[in-house]
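We did not get these values from a lab; they are worked out from the coordinates using the rules stated. Keep in mind that what you see is a predicted model, and the values were worked out from it rather than measured. Every residue, glycine as well, gets a Cβ built from its backbone with ideal geometry; the counts of neighbours run over all protein chains shown.
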């Protein structure tokens, strides 16, 4: 099955293309060394029988994600309150739905940074 690797303007559809280019005396693609390091690392992980080395289960995942999501939601809500208090000239109850949507969008955008 062909592997597609793209870096900058270089696209190689199969690893053998690198070998063909090398045999013809053409320069190697720019991504070649990073791709080679990736293959070596993948081989080491496979031979160490560490198939699930990046996924340890649902409990550690939730232990990271739930507090992070709660804090992000709390910051988002506080950002909305601050926008209505300091930026929007009228109270939330007097704003139309499109105005509320814009304020929510801005709060979400601020929350990403």
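Can you give the FRET efficiency to the nearest 0.05 for residue 38 and residue 59, using r as the Cβ-Cβ distance and R₀ = 35 Å?
0.75
Where does segment 58-111 land on the Kirkwood hydrodynamic radius, alpha-carbon pairs, in angstrom?
Mean inverse Cα-Cα distance, inverted, gives 12.4 Å.
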